[in-house]
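The values are calculated or read from the model by the stated rules, or taken from the named source; none is laboratory data. In this text, all values refer to a predicted model and were calculated from it rather than measured experimentally. FYI the Cβ positions are ideal-geometry reconstructions off the backbone, even for glycines, and counts take in every protein chain you see.
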Amino acid sequence: MRSYNWSIKAKRRKTTGTGRMRYLKIVRRKFKNGFREGLPKPKAVAAK
C-alpha cells in the first residue's frame, strides 16, 4: 500500500486490523499455542 505522510488518517483506515481479519485471527491463535494441530491431549503431564 502506498503511503504518504499527509494521509495518516487514511493509512489508519486501510491497515491490518480494520476489517474482520478472518485469517489473521486464526493464525494468531495457532501461533499462541505453538502451531500444534490435532495432537491428542497428553495424559497427566503436570502430575508431580
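Residue-by-condition table, conditions (1) touching a Gly at 6+ places or on another chain (Cβ under 8 Å); (2) assigned to a helix (DSSP H, G or I); (3) exposed (fewer than 10 other Cβ atoms within 10 Å of the Cβ); (4) modelled with pLDDT under 80:
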residue: 2; (1), (2), (3), (4): no, no, yes, yes
residue: 6; (1), (2), (3), (4): no, yes, yes, yes
residue: 11; (1), (2), (3), (4): no, yes, no, no
residue: 23; (1), (2), (3), (4): no, yes, yes, no
residue: 29; (1), (2), (3), (4): no, yes, yes, no
residue: 34; (1), (2), (3), (4): no, no, yes, no
residue: 38; (1), (2), (3), (4): no, no, yes, yes
residue: 46; (1), (2), (3), (4): no, no, yes, yes
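Whenever a residue of segment 26-45 is charged (D, E, K, R), its partners that are in a loop (DSSP other than H, G, I, E, B), lying with C-beta atoms within less than 9 angstrom and at least six residues away or across chains, give the pairs 28/21; 30/36; 30/37.
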